[in-house]
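A quick write-up on the structure given underneath.
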Amino acid sequence: MRNFFKRPIFYNFMVFVFFSFLLLSLYFLSRNVLLERETQILYLNRDIVVNEIESELTRVETIINNLDSYITSHDTQDDLELYISKIVEDNPFIASIYFVMPNNTYITFPDQPVPPGVVLTDRPWYTKAASEVTVVFTDAFLDVSGDKYILTAAKAVIESDILEGVIGIDIDLEQLSGFLANDVTSFEGYAFIIDSQDNLIAYVDYDPLQTELETLDDFSITRDIFTESQGLSEKVTIQGELGQIAYSEIEGTDFLFGLFMSTDQFLSSLNFFYSIGLSIVLVILFGSLTVYFVYLRLLQRPLDSLIVDIDNIDKEKSYDYRFPIEKGLWFNKAREALNKVLDDTQKFKAQANSSLSELTLRNQKYNLLLDSASDIVFQIDKDRKYVEIYGKGLKQLKKTEKDFLGNTFEEVFGSAISFDREECYDVVFMGSKRFYTWEYVVDKNVIYFETAMTLLYDLQNEIIGAVGVTRDITEQELRYQDMVTISNHDYLTGLRNRRYYIERLQILDTLKEYPFGVMNIDVNGLKIINDAYGHSIGDEALIKTANVLREASEENYIVSRVSGDEFTIILPNSDTAKTKELKEDLLNRFKSVKISNLDLSVAIGFHVKEDDSKEIDEVRMLAENDMFRHKVSERRSVKNKAISAILKTLTEKYEAERIHSKIVAEYSKKLGEALGLEAEEIRDLTTAAMFHDIGKISIPDNIINKPGKLDDREYEIMKTHTEVGYEILRAADEYSELAIHASSHHEKWNGKGYPKGLKGEKIPYFSRIICIADAYEAMTADRPYRKKQSDEFAASEIIKFAGIQFDPVLAKVFVEKVLKKPWPKK
């Protein structure tokens with residue numbers, strides 16, 4: 001028994017038991033691994049097909065975009081028809097191409113008439129594309145002849161914001177299904193594509209003669225199963241087989257791709273592994289017995305000799321060693337085979353070293369290419385000639401790879417493109433990375449590029465050239481130019497701003513380009529315009545001022561808006577006479593400019609810098625002082641004219657206001673005379689009454705002319721006319737003392753009036769008089785919201801509200817002496 005345990009057969013038996021146990025353990029341990037592997041293979045197969053489908057659809061999008069560009073750049077229909085026919089002939093995936101214009105005329109290839117009554121502009125692909133700016137894909141639908149199902153890729157052709165038409169490319173579902181069948185032949189499973197309406201638009205067994213498309217309902221499944229984030233459905237039954245669907249949305253469309261694999265297919269690898277494992281166990285059992293006998297008689301000593309020879313191989317340094325082959329040696333066939341392996345290994349190592357060199361070069365080039373697929377990637381040699389060039393960006397340049405290969409940059413683009421290219425190349429070939437920008441004109445459009453370059457080395461670390469990436473930076477460059485424009489221009493007038501004005505003055509002074517003039521222009525009465533008409537009219541005044549300055553200035557003059565109502569002009573190479581000539585021209589031009597009945601006037605001052613004896617800041621100050629001197633001397637006349645113009649505008653615009661102001665002035669004058677006021681006081685009172693409602697110039701027409709009662713919001717707006725009138729009159733010296741009466745004529749004796757709620761004798765005396773005259777005239781005149789009242793009723797209201805709304809003393813005098821009516825006794 002003890003001898004048995006020492007025999008080799010015992011060890012073989014133990015090896016058999018060990019491997020059997022190991023294989024069984026591996027089976028159970030590998031089950032989950034194999035299931036996960038099958039799942040990953042299913043995902044991979046799904047992604048491969050989806051990527052190829054998306055690639056085909058992207059190719060269709062590219063064709064449509066090329067057609068879009070072609071249509072907008074070519075006028076003749078013959079050229080377009082020839083171009084479309086070439087596309088269809090080169091792309092069997094495409095059934096037909098349409099270009100349908102909004103008037104329902106069309107170009108198509110192959111040429112096929114549209115059935116009577118079919119309006120192409122009502123087709124789903126046309127309407128869907130017309131509302132989008134990118135390429136769209138429709139759901140499946142019957143073609144115009146009604147004999148087969150198709151889907152359409154379409155895009156609107158828009159030029160200058162006008163719809164020129166819609167390009168449509170019909171994709172035959174039979175061709176799409178054939179494409180799908182070719183893709184799934186390399187693996188097991190059932191593949192299909194569905195649209196947003198759950199129609200099966202492509203699958204391996206697709207029948208082009210079917211009258212209706214199959215749907216998910218035909219498989220007794222719903223779209224709800226396609227909700228898992230990993231893209232793998234729960235188990236479903238399709239055509240009698242239980243399995244799972246790996247699915248994915250197709251980018252840029254509403255389509256969904258599904259790949260069904262049955263549970264039997266899914267577990268086939270596991271079953272195969274089980275069969276292999278069982279076979280191996282049986283083989284091991286049989287082999288162990290065989291090995292036992294061979295081992296005893298034939299193997300041990302020859303193997304030991306062979307092992308010694310194998311140990312002589314120096315795997316770290318050289319594969320030159322070969323096994324000796326002599327008569328009488330065991331395993332000579334094995335030695336010959338091992339020698340052949342060593343021969344092949346030595347060849348493979350030599351090839352590997354050669355391939356490593358090539359791969360090293362390609363790795364440097366293609367890493368850049370992969371990182372910027374939409375850019376231009378190129379390689380130049382040490383003579384600075386193009387060796388390779390790739391990228392979609394070549395289309396922007398309207399050049400092909402052949403235009404570059406073997407040529408230098410200058411030979412491709414000519415010498416007209418100016419930038420320090422040679423200097424950049426020199427820096428790169430000295431071992432530094434380099435970025436440079438340049439621009440190129442295509443079809444009268446300037447395209448801006450940025451290029452990055454770095455050296456390219458071989459395995460011996462020798463420089464063999466350089467690689468570069470060129471990127472379109474037009475959008476960033478134009479955005480930067482817009483930012484520069486905004487930073488140097490006034491947003492309202494489009495003129496230069498104060499910052500630019502100061503910078504240009506400093507530059508002229510630094511360069512000593514004498515003489516040059518500095519002119520300051522200030523808009524007179526802008527505050528009155530804003531108060532009376534609103535800031536939109538004030539902005540219009542500023543814009544008109546800017547236009548006059550721009551039209552009167554020479555091309556090299558620098559016109560700027562430096563503050564709210566102040567403008568400047570820098571006059572290079574101009575002496576005092578030329579500067580004064582511009583001033584006189586401007587004053588003449590402004591005489592014919594009006595803003596809402598107002599003469600638009602300006603104050604102008606200037607100073608000429610003839611040498612460097614004065615600092616530039618002093619020159620600016622002298623020009624401003626000269627302008628202020630003219631502004632002060634003209635202020636009274638300008639503002640008084642403005643008040644008169646505003647009143648004229650109000651009375652011309654509203655006939656009722658003109659009559660109202662005139663009658664209120666007459667009643668106020670009569671009450672003043674009855675009170676024994678001095679002649680000068682009566683004149684001021686009459687003027688104040690005439691201007692008391694001047695603030696209504698700022699009230700919207702719909703409120704002033706409203707036929708009904710004002711609501712709370714409208715009444716609050718109406719009440720603002722008192723404060724606006726105050727601001728307008730206060731701005732004019734001649735009427736400034738009367739401004740308070742425009743503000744206070746709606747105050748009440750009991751303190752419940754507006755705008756300040758003044759009470760009793762705190763209300764200005766003239767305001768109390770105007771309040772009575774205003775109320776009486778309002779009651780005895782027609783208004784949009786009511787007919788006029790009788791004189792008796794109006795007088796009774798004055799009496800009724802004496803001491804409440806009106807000064808009781810003034811009210812009594814008005815009734816008795818102006819209206820000649822009795823005052824009731826207490």
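The values are calculated or read from the model by the stated rules, or taken from the named source; none is laboratory data. This is a predicted model, so every value here is computed, not measured. Reconstructed Cβ throughout: ideal geometry from the backbone, glycine too, with neighbour counts over all protein chains shown. Please note that ligands, DNA and RNA were not included when accessible areas were found on the heavy atoms of the full protein model with its side chains. Shrake-Rupley method; radii C 1.70, N 1.55, O 1.52, S 1.80 Å.
Output yes when any residue across the stretch 779-789 is part of a helix (DSSP H, G or I) and among the aliphatic types (A, V, I, L, M), and no when none is.
Within the stretch 779-789, the first condition is being part of a helix (DSSP H, G or I), and the residues that meet it are 779.
With the extra rule that they be among the aliphatic types (A, V, I, L, M), the set shrinks to 779.
So far as the stretch 779-789 goes, yes, one or more of its residues are part of a helix (DSSP H, G or I) and among the aliphatic types (A, V, I, L, M).
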Item to check | Selection count where residues are farther than 18 Å from Y726 by Cβ, among the hydrophobic types (A, V, I, L, M, F, W, C) and either part of a loop (DSSP other than H, G, I, E, B) or modelled with pLDDT of 90 or more (or both), scope the stretch 748-775 | outcome: 2
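In the stretch 152-185, how many are closer than 23 Å to L80 by Cβ and in contact (Cβ under 8 Å) with a residue 24 or more places away in the chain?
18
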Checklist entry - Counting only residues that are within 14 Å of L456 (Cβ to Cβ) and among the basic types (K, R), which one in the stretch 379-405 is most open to solvent (accessible area, probe 1.4 Å)? => result K382
Checklist outcome for this item: Checked pairs for the stretch 25-50, first farther than 30 Å from S177 by Cβ, second modelled with pLDDT under 75 and open to solvent by 30 Å² or more (accessible area, probe 1.4 Å), C-beta under 6 Å and 6 or more apart or across chains, list as L34/S269
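Find the residue count for the stretch 475-497, including only residues that are exposed (fewer than 15 other Cβ atoms within 10 Å of the Cβ) and at negative phi. It would help to see each step written out before you state the result.
Step one: filter the stretch 475-497 for residues exposed (fewer than 15 other Cβ atoms within 10 Å of the Cβ), giving 475-476, 478-487, 491-492, 494.
In the following step, the residues that additionally are at negative phi were identified as 475-476, 478-487, 491-492.
Summing the residues that are exposed (fewer than 15 other Cβ atoms within 10 Å of the Cβ) and at negative phi in the stretch 475-497 gives 14.
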Next on the checklist: I'm trying to understand the selection: among the residues of the stretch 671-681, which are buried (at least 18 other Cβ atoms within 10 Å of the Cβ) and assigned to a helix (DSSP H, G or I)?
Outcome noted: L671, G672
Checklist entry - Are any of the residues in the stretch 799-813 part of a strand (DSSP E or B) and closer than 18 Å to K669 by Cα? => result yes
Checklist entry - Do you know which residues across the stretch 498-540 are open to solvent by 50 Å² or more (accessible area, probe 1.4 Å) and part of a loop (DSSP other than H, G, I, E, B)? => result K512, E513, Y514
Item to check | Residue count, the stretch 805-826 (criterion: without any contact (Cβ under 8 Å) to a residue 60 or more places away in the chain and surrounded by 12 or more Cβ atoms within 10 Å (Cβ to Cβ)) | outcome: 12
Item to check | Answer from E797, E747, E761 - the residue that is surrounded by fewer than 22 Cβ atoms within 10 Å (Cβ to Cβ), touching a helix residue (DSSP H, G or I) at 6+ places or on another chain (Cβ under 7 Å), under 25 Å from M690 (Cβ atoms) and acidic (D, E) | outcome: E797
Checklist outcome for this item: Reported set for the stretch 586-619 where residues are part of a strand (DSSP E or B) and open to solvent by less than 50 Å² (accessible area, probe 1.4 Å) is I595, L598, V602, A603, I604, G605, F606, H607, V608, K609
Checklist outcome for this item: Scanning the stretch 546-583 residue by residue, those surrounded by 14 or more Cβ atoms within 10 Å (Cβ to Cβ), more than 35 Å from the chain's Cα centre (by Cα) and part of a helix (DSSP H, G or I) turn out to be V548, L549, A552, K578, T579, K580, L582, K583
